[in-house]
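Trainee: Mind looking over this structure? Questions follow.
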Amino acid sequence: MDMRITPSPAPRPANLARNGDIAALFEAVGHRSPKVRKQAVASLAELGPDQTLPEAREALRHASDAVRCAAVRVLGRWRDPMPIAAAVAWLPPGSPSRSFAFAALASVDRPDSAPAVAESLIHGRSQDGLWEDEVEVVSGLCAAGRDPDACRKVVDILVEALDHEDTEVVGRAEDFLLWLNSDAVPALVTLVRSAPKPDSAVWLLGQIGGASALEPLIEATEHPEARTREEACAALGELRDPASVEALLHATRDHEHAVRVKAGMALERIGTAAFLAGVSAAFGQQVEQATEPRRLAGPAKNGSTQNGTSKNGSRRADPPRLRPAADPQRAPRSGPA
C-alpha cells in the first residue's frame, strides 16, 4: 500500500480575493512559497478598505511576522493608525513588522495617534527599553504647532506611569520624559506641587533643569515626604543655583539624616556661590554637622543604597537610557511598501 502523503495544494490568492476570503488571503502572505506570498500581497493591494481593514487589524497579532507586515501595509495604506499604535505594545523589538509599524505611523502622520503610541511604548511587553527612533516618531507627531491636546495626553500618560508598580514601566516613563525635556516640565511641576510622593518628578526636574524648575525644587525641600525632600536637595545640587542656598541651609537642619546629607552635599557643589551669598560662616559648620555619619543604609548588591539612590547620591548615573537607532542589534528601518 502506498503510504505517501499528498501535499495540500498551494493557495491561489487571486481566487481567495474573488471569494472574499480575506483571512485566508492574509494567511497566504505567510506561505512557504515566495510566489504565493508575492501574489497574496498583490491581491491585498487591489482590495478596498471595507474588505481588508477588519482582517488587517486581527492579523497584527498573527504569529508570522510576514503576515503582521502585510497588516501594517494595509492599515498604513488606508490611513488607519490606531490599531498600529496599539500593536506597538506587542510587536517584537527588532522585527520588520515593528519597523514597518513606526514607518507607517510617521507616514500617516496623525497627531491623535501619539498618545496611543506612547501608551504602548511605556506599558508594552518588551523589556528591551526605549529606542531613540521610536520615541522620535512620537515627538514628531507632537511637534510644536500641532495638536496640543494630543501632546498634553502624551505627557499625562508618562506622568501617570511614574506611579506604576512595575519598575520597568516607571523607568521607561522617566526616560521618555527626559527625552521630551522642557515639554515635560509644566506637568512635572504640577505633580511636584500636588502629589503626596512626587520624588520621581523632583528627580526628573533636576535632570531637565532650567529656570522653571528652580522654584518648585526649592519648595520641595519642605515637602512632607522625606524622600521628596532628599531628591529636591540632590536636584538643587545639580542645578548649582545660588538662589537655592537658603533653602538648602534650612534643609541641613532637617529631622531626617538622609535629607541633611543631601543638603550638605548640594551646598558643597554650589561652593563659591554659597560664599558669595554671604553664608560662608554658617556653611562650614552646618555642612559638617549634616554630613557627620550616624546610621546610614548599607549599599545594596547593585551599588545602590536601600533608599534607591546610587553611591554618588543620584538616582541614576546615565539618564536617559534610550537605545540608539544605530545599535547593531537593531533591524534596519524601511517603510511599508
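Trainee: Quick test of your reading of the structure: Pro111 fulfils all but one of (1) touching an Asp or Glu at 6+ places or on another chain (Cβ under 6 Å); (2) within 18 Å of Pro216 (Cα to Cα); (3) not hydrophobic (A, V, I, L, M, F, W, C). Name the failing condition by number.
Mentor: For Pro111, the failing item is (2).
Here is a yes/no grid of residues against (1) buried (at least 22 other Cβ atoms within 10 Å of the Cβ); (2) within 14 Å of Val29 (Cβ to Cβ); (3) without any contact (Cβ under 8 Å) to a residue 24 or more places away in the chain:
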residue	(1), (2), (3)
Leu47	no, yes, no
Glu58	no, yes, no
Val67	yes, yes, no
Val72	yes, yes, no
Ala89	no, no, no
Phe102	yes, no, no
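Trainee: Out of the residues in segment 68-87 that are in a helix (DSSP H, G or I) and out of contact with any Ser or Thr (no Cβ under 7 Å at 6 or more places or on another chain), which is farthest from Arg57 (Cα to Cα)? Break it down into steps so the answer makes sense when it comes.
Mentor: So the first thing to find is which residues in segment 68-87 are in a helix (DSSP H, G or I), and the list is 68-77, 81-87.
Remaining after also requiring out of contact with any Ser or Thr (no Cβ under 7 Å at 6 or more places or on another chain): 70-71, 73, 75, 77, 83-84, 87.
Working: Ala70: 11, Ala71: 7, Arg73: 11, Leu75: 8, Arg77: 13, Pro83: 6, Ile84: 8, Ala87: 9 Å.
Of everything passing the filter in segment 68-87, Arg77 is farthest from Arg57 (Cα to Cα).
Trainee: Looking at Glu222 and the list (1) under 18 Å from Leu267 (Cα atoms); (2) surrounded by fewer than 24 Cβ atoms within 10 Å (Cβ to Cβ); (3) in contact with a Leu (Cβ under 8 Å, 6 or more places away or on another chain), which single condition is not satisfied?
Mentor: (3)
Trainee: Oh, and also: Those residues that are over 15 Å from the mean Cα position of the chain (by Cα), under 13 Å from Gly209 (Cα atoms) and crowded, with 17+ Cβ neighbours inside 10 Å, I need them from segment 174-187; list them, please.
Mentor: Narrowing segment 174-187 to residues over 15 Å from the mean Cα position of the chain (by Cα): 182, 185-187.
Narrowing further to those that are under 13 Å from Gly209 (Cα atoms): 182, 185-186.
Val185, the sole residue that qualifies.
Trainee: A further question on this structure: Here are some conditions: (1) modelled with pLDDT under 95; (2) assigned to a helix (DSSP H, G or I). Ile157 meets all but one. Which one does it not meet?
Mentor: Against the list (1) modelled with pLDDT under 95; (2) assigned to a helix (DSSP H, G or I), Ile157 comes up short only on (1).
Trainee: Could you tell me whether segment 196-215 includes any residue that is surrounded by 21 or more Cβ atoms within 10 Å (Cβ to Cβ) and not in a helix (DSSP H, G or I)?
Mentor: Yes, some residue in segment 196-215 is surrounded by 21 or more Cβ atoms within 10 Å (Cβ to Cβ) and not in a helix (DSSP H, G or I).
Trainee: Let me ask something else about it. Would you mention how many residues in segment 126-166 are on the phi > 0 side of the Ramachandran plot and out of contact with any helix residue (DSSP H, G or I) (no Cβ under 9 Å at 6 or more places or on another chain)?
Mentor: Pass one, segment 126-166, residues on the phi > 0 side of the Ramachandran plot: 129, 145.
Applying the additional criterion that residues be out of contact with any helix residue (DSSP H, G or I) (no Cβ under 9 Å at 6 or more places or on another chain) yields 145.
Of the residues in that region, 1 qualify.
The values are calculated or read from the model by the stated rules, or taken from the named source; none is laboratory data. The structure presented is a predicted model; accordingly, all values stated were derived computationally and were not measured. Don't worry about glycine lacking a Cβ; one is built from the backbone with ideal geometry, like all the others, and counts go over all protein chains shown.
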